[in-house]
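No lab work stands behind these numbers, since they all come straight from the coordinates. It should be emphasised that the depicted structure is a prediction, and the values quoted were computed from it without experimental measurement. We place every Cβ from the backbone using ideal geometry, glycine too, and count neighbours over all the protein chains shown.
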Amino acid sequence: MTRLWNDSADFADEMIDGFVAANARYVRRVSGGVVRTTPAPAGRVAVVVGGGSGHYPAFGGLVGAGLADGAAMGNLFASPSTQQIHAVARAAHGGGGVLFSYGNYAGDVLNFDAAQERLRAEGIACETVAVTDDIASASADEIHRRRGIAGDLTVFRSAAGAASAGYDLADVARVARLANDRTRSFGVAFSGCTLPGAPAPLFSVAEGRMAIGLGIHGEPGIDEAEVPTADGLAELLVSRLLAERPDGADGRVVPILNGLGSLKHEEMFVVYRRIAQLLADAGLEVIDPHVGEYCTSFDMAGTSLTLFWLDDELAELWETPVDTPAYRRGSVAPEAAGRAAQPEDAGAADTATAIVPGDTDSQSVARVVVEVVDTVARTVDTHVDELGRMDAIAGDGDHGIGMQRGSHAARAAAHESAAAGAGAATTLARAADAWSDRAGGTSGALWGVILTSVASTLGDTGRPDAAGVAAGVAAATRGVMSYGKAELGDKTMVDALVPFSAQLTTAVAGGATLAEAWRSAASAASAAAAATAALLPRMGRARTHGQHSVGTPDPGAHSLALIVTAVGDVLTHHERTPS
């Protein structure tokens, strides 16, 4: 269990501050994460990694000479936001372009891709390689769907070795893809992890049992079995991985036995003793074995084995010296101190535009927007534990916490904007930016899309009509489906958002007032969200554990239904008592 924290909502930020204070030799703080204190030579490719916090030494602990140039660090088990990733990459970039690498999770893909688009629009060349090493998360026929776990290390280190050797961006990306293609991982857990402030672990395993094929965000395994002996576990891990030996592998392999947070090194050494024997019996040449913690899951008790199959190029790059706060190999020559932090490192230039006051009518609508955002935050607060429990069934249990962080940030931004005289569009757009930045993850990105789309139809002059609001919701629906790549029936927020938008548009076209149309649309969303309980997930983290989620509504669909229902009450109140 987690014992030490102040406010659980501040845990990740305070952890990063403490990490930087303890490792100033290696890293410095920038908005959204950390970059190297001693930057790479000008013109060299910058390797930027990242993901949610709770996996130390991934991701900040791997920033330093010979490895990552920067790490975007999200909240616990939540992807960093687009804004955070963009700020870290801008700070790390030295003129040679940026290689992004991270575990293949929906929120990370959404936010890293969006940051990449922004950077490319600014003239910074970028490439991305998502890590897909976990063989338990999808079949060999769907390797592109697999998630990244401890195999992150082999891909990050190979890419950084190529960058250190002076490879250009295209070749750094090629090496990263090659390393990913030659990396396989498989893991087990004996207990789940408990996030700060949570009353219980994200999942539990009966005494004497273990979860097989777990995820590093507290996702339950795909199967359970009795806990074997140490030798029996070694045989399970090795047999599963050797069954997926990559094509062309010549027999040189780097084994990485990774502890997930609570397993003792001595236990892992007992397991590795048998792993080494099994690899030798298979005729393999073991190179640079690793036993330790490289990608954890907070305080989870468990372990994973990664096999990284070398070729001549990868073997040479693997010897690149590395010196980071949590990972060292070889001898790294001292480097000159880096530049002082620049204003653009914090990303301030992207958001610090002055507010242009709206007209009187739009300022009046902005006050309604503030009331709506207040209501959203209160609704999330009321249901935060429920949303977390729903998400923990087949996910990582952080949906409620993420929604709470996002809605509270949106509320603060809305109040600040309206107080400065902003119109409705600006007030809601700034709330959208704050939500996506603070919440991170998939839901943060998608709620940012929703609020931004609706804001674009409100305007900062005059009063929007019901048709305009319905058009904004329709645009939000298209944006979410395009951005998140989800469709009806995938068991996501889309399953509630599509019927909500369709009913809203139909009711408004039929002459209903906005409040009347909104209430009928909210009823449709609620019914559709409840119906997701019968669906098997086809997207996101829950996809891997599909059968576990049957009988429980999708948390994203459920939270959307709760929110639009509460917003309907606000609109009804204003319709009955107009200002």
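For the listed peptides 161-168, 415-422, 315-322, a ranking on the average number of other beta carbons within 10 Å per residue, highest first, reads 161-168, 415-422, 315-322. Rounded to the nearest 10 degrees, the angle from helix 514-531 to the longest Cα principal axis of the chain is 30 degrees.
3J(HN,Hα) along region 234-245, derived from phi through the Karplus expression 6.51 cos²θ - 1.76 cosθ + 1.60 where θ = phi - 60°, amounts to 4, 5, 4, 5, 5, 5, 4, 6, 5, 5, 10, 4 Hz, with x in place of Gly and Pro.
Note down the magnitude of the dipole of the chain about its Cα centre, charges +1 on Lys and Arg C-beta and -1 on Asp and Glu C-beta and zero elsewhere, to the nearest 20 debye. Please list the in-between numbers first.
Numbers: 43 positive and 68 negative charges, 95 e Å.
Dipole of the chain, to the nearest 20 debye: 460 debye.
How far is helix 106-121 tilted off the main Cα axis of the chain, in degrees rounded to 10, range 0 to 90? Its long axis makes an angle of about 80 degrees. For the pair region 548-579 / region 440-507, the C-alpha centres are spaced 14 Å from each other.
Can you check what the net charge comes to around Ile16, using other residues whose Cβ is under 12 Å from the Cβ of Ile16 (Lys, Arg +1; Asp, Glu -1)? Walk me through the numbers before you get to the answer.
Working: positive: Arg28, Arg29; negative: Asp10, Asp13, Glu14, Asp17.
Here the count lands on -2.
Highest mean first, the peptides 237-245, 383-391, 294-302 sorted by other C-beta atoms within 10 Å per residue fall in the order 294-302, 383-391, 237-245.
The residue list Ala315, Pro255, Cys193 was ranked by how far each Cα lies along the charge dipole of region 184-320 toward its positive end, using unit charges on Cβ atoms, and Cys193 comes out on top.
Rounded, prolate or oblate for region 1-131? Axes are the square roots of the Cα gyration tensor eigenvalues, ordered a ≥ b ≥ c, and the cut-off for rounded is a/c under 1.5. Kindly include the intermediate steps, with their values, before the conclusion.
On the way: a/c = 2.05, a/b = 1.36, b/c = 1.50.
Oblate.
Looking at the chain alone, DSSP beta bridges between its own residues are antiparallel in about 55 percent of cases.
Amide H contacts for Gly459 (H built 1.01 Å from N in the peptide plane; partners 5 or more residues away or on another chain; cut-off under 5 Å): Ala425.
Less than 5 angstrom separates the built amide H of Leu67 from those of Asp323, all sequence-distant by 5 or more or on a different chain. Ordering Ser520, His573, Ala9 by Cα displacement along the dipole of the chain toward the positive end leaves His573 in first place; charges were set at the Cβ atoms of Lys, Arg (+1) and Asp, Glu (-1).
Want the number for Glu575 to Ala200: 0.36 nm per residue separation, take away the alpha-carbon distance, what's left?
Values: separation 375, 0.36 × 375 = 135.00 nm, distance 4.35 nm.
Computed gain between Glu575 and Ala200 is 130.7 nm.
For region 184-320, the Kirkwood estimate of hydrodynamic radius, built from reciprocal distances between every pair of different alpha carbons, is 15.5 Å.
Taking only the Cα atoms of region 436-476, the ratio Rg/Rh comes out at 1.08, with Rh defined as the Kirkwood radius. Extents of region 63-123, largest first, come to 30, 28, 17 Å (Cα atoms, principal axes, whole angstrom). Counting helices only, and only those DSSP H runs with n ≥ 4, report the 222 nm mean residue ellipticity of the chain as the sum of -39,500 (n - 2.57) divided by its residues, in deg cm²/dmol to the nearest 500. Result for the chain: -15500 deg cm²/dmol, rounded to the nearest 500. Of the DSSP beta bridges with both residues in region 184-320, give the percent that are antiparallel, rounding to the nearest 5. Roughly 75 percent of the DSSP beta bridges within region 184-320 come out antiparallel.
If you place +1 on the Cβ of every Lys and Arg, -1 on the Cβ of every Asp and Glu, and leave all else neutral, what size is the dipole of region 1-131 about its Cα centre, to the nearest 20 Debye? Don't skip to the answer; put the middle values down first.
Values: 9 positive and 11 negative charges, 87 e Å.
Taking the Cα centre of region 1-131 as origin, the dipole is about 420 debye.
For helix 466-484, report the angle its Cα long axis makes with the longest principal axis of the Cα atoms of the chain; keep it between 0 and 90° and round to the nearest 10°. So the inclination is approximately 10 degrees.
Using the Cα centre as the reference, give the magnitude of the dipole from point charges on the C-beta atoms of region 189-289 (Lys, Arg: +1; Asp, Glu: -1; all else neutral), rounded to the nearest 20 debye. Walk me through the numbers on the way to the answer.
Details: 7 positive and 15 negative charges, 37 e Å.
Using only the charged Cβ atoms, the result is roughly 180 debye.
Positive-end ranking of Ser559, Ala165, Leu278 along the dipole of the chain, with charges on Cβ about the Cα centre, is headed by Ser559. Residues whose amide H comes within less than 5 Å of that of Ser137, counting only those at least five positions distant or on another chain, are Arg147 (H built at 1.01 Å from N in the peptide plane). Seen from Gly94, the other residues with C-beta closer than 9 Å to its C-beta sum to a net charge of 0, counting Lys and Arg as +1 and Asp and Glu as -1. Taking a ≥ b ≥ c as the square roots of the eigenvalues of the Cα gyration tensor, the chain is classed as prolate, since a/c reaches at least 1.5 and a/b is larger than b/c.
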